[in-house]
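Structure incoming, see below.
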């Protein structure tokens with residue numbers, strides 16, 4: 001089902017499939033948290049690749065429908081969203097040992113979802129733990145920046161907005 005949104009941007013289909021599978025696992029095998037969370041993470045990776053592909057490409061008329069579908073799937077599966085947020089916080093905390101890329105990728109996925117997907121902001125705003133985790137994640141990223149290797153422009157996924165300061169923070173950290 002990864003071609004559901006056409007050949008223009010396969011990442012859309014990958015994202016929807018990841019979120020759909022995560023929801024299905026939540027409904028049919030709720031005890032299988034690892035598989036559910038892995039599928040949700042694939043969905044979030046598809047969000048980043050979709051948004052980056054849009055920034056680098058031409059039109060995608062199916063974008064509105066895609067974003068609506070993603071929000072509906074995530075809203076129906078907060079058991080996928082919450083662990084993703086908390087795993088993202090842990091990635092920021094462990095970024096010195098585990099690397100900067102994963103923490104930044106996850107932070108961008110959350111911010112892109114919040115900013116560009118109508119209704120996503122309400123999911124974040126409705127849960128104090130999510131809001132606090134994002135603030136804490138940013139604090140950890142700022143704190144860890146002086147101790148991580150610098151990223152090159154080639155390391156940063158295409159289409160990341162300048163407002164995603166975490167990708168460039170090691171450069172600004174005085175190293």
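Each reported figure results from applying straightforward, stated rules to the coordinates on display, with no laboratory input. In this text, all values refer to a predicted model and were calculated from it rather than measured experimentally. Note that we place each Cβ from the backbone using ideal geometry, even for glycine, and neighbour counts take in every protein chain shown.
What list of whole percents do you get for P(r) of the range 72-175, with Cα-Cα distances grouped in 10 Å bins up to the one holding the largest distance?
Over the range 72-175, the share of Cα pairs per 10 Å bin runs 15, 48, 29, 8, 0 percent.
Highest mean first, what order results for 15-22, 67-74, 130-137 on Cβ atoms within 10 Å?
15-22, 67-74, 130-137
Next up: Tell me, what is the percent relative contact order of the chain, built from C-alpha pairs under 8 Å that lie six or more residues apart? Don't skip to the end; give the middle numbers.
On the way: 207 pairs, mean separation 38.3, N = 175.
Reported relative contact order: 22 percent.
Further question on the same structure: Per the helix-only calculation at 222 nm, which mean residue ellipticity applies to the chain, given -39500 (n - 2.57) for every DSSP H run of n ≥ 4 and division by its residues, nearest 500 deg cm²/dmol?
About -22000 deg cm²/dmol.
Here are several values of log10 I(q)/I(0) by the Debye sum over Cα atoms at q = 0.08, 0.09, 0.12, 0.20 Å⁻¹: (i) -0.29, -0.36, -0.62, -1.27; (ii) -0.39, -0.47, -0.69, -1.34; (iii) -0.24, -0.30, -0.54, -1.37. Which one was derived from the coordinates shown?
Structure-derived value, by its label: (iii).
Taking 0.36 nm per residue of sequence separation and subtracting the Cα-Cα distance, how much length would be gained by fully extending the chain between residue 65 and residue 128, in nm to one decimal? Each step should come with its number before you reach the end.
Values: separation 63, 0.36 × 63 = 22.68 nm, distance 2.84 nm.
Extra length available between residue 65 and residue 128 comes to 19.8 nm.
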